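Student: The following block contains the structure, expressed as structure tokens.
The values are calculated or read from the model by the stated rules, or taken from the named source; none is laboratory data. Note that the coordinates shown come from a computational prediction; the quantities given were computed from them, not determined experimentally. With ideal geometry, Cβ positions are generated from the backbone for all residues, glycine too; neighbour counts draw on all protein chains shown.
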Amino acid sequence: MDVDTYIAAQPESLHATLAEVRRRVRAADPTATESINYGIPYYKHDGKMLISFGGAKAHWALHGTTRGSTLRFAHGELPAEDLIPALVNERIAAIEADAAAKKAKRAAPGP
């Protein structure tokens, strides 16, 4: 299954919303890889989990935010225009900071 198929399989009331969420994620990180993991659209940055989203009977949700929670929205409801890019950019910063810390640790001289 791909993301187009996933969105098409959701209730009609979610199609436009999920397509717009997808557009915003891809605009925020054009290099992100897109797949279906855990049955929902899932995006990775440099091989690390970036963000995912999924539809449900009464809502849709964003998962994997650095804010530590799942954000739920009603069908047809979109977050503020700048929220998804902000969440994606927070995750990219966290991924890159983690990678830099690991690189510095490997480069540090031993005891």
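Student: So, in segment 65-94, exactly how many residues are modelled with pLDDT of 90 or more and among the basic types (Lys, Arg)?
Tutor: Residues flagged as modelled with pLDDT of 90 or more and among the basic types (Lys, Arg) within segment 65-94 amount to 2.
Student: If you don't mind, there's one more thing I want to ask. So LEU83 fits all but one of (1) more than 11 Å from the chain's Cα centre (by Cα); (2) in contact (Cβ under 8 Å) with a residue 40 or more places away in the chain; what number is the exception?
Tutor: Against the list (1) more than 11 Å from the chain's Cα centre (by Cα); (2) in contact (Cβ under 8 Å) with a residue 40 or more places away in the chain, LEU83 comes up short only on (2).
Student: Mind counting the residues in segment 26-51 that are out of contact with any Phe, Trp or Tyr (no Cβ under 8 Å at 6 or more places or on another chain) and in a strand (DSSP E or B)?
Tutor: Qualifying residue count for the region: 6.
Student: Restricting to segment 9-43, name every residue that is touching a helix residue (DSSP H, G or I) at 6+ places or on another chain (Cβ under 9 Å), aliphatic (A, V, I, L, M) and closer than 19 Å to LEU71 by Cβ.
Tutor: Listed by number, the residues that qualify are LEU14, LEU18, ALA19, VAL21, VAL25, ALA27, ALA28, ALA32, ILE40.
Student: Give the residues of segment 15-33 that are of a type in the set (Asp, Glu) and either in contact with a Ser or Thr (Cβ under 7 Å, 6 or more places away or on another chain) or exposed (fewer than 15 other Cβ atoms within 10 Å of the Cβ) (or both), sorted by residue number.
Tutor: Across segment 15-33, the qualifying residue is only GLU20.
Student: Sticking with this structure for a sec: Restricted to segment 52-83, and to residues that are of a type in the set (A, V, I, L, M) and in a strand (DSSP E or B), which residue is surrounded by the fewest Cβ atoms within 10 Å (Cβ to Cβ)?
Tutor: ALA74
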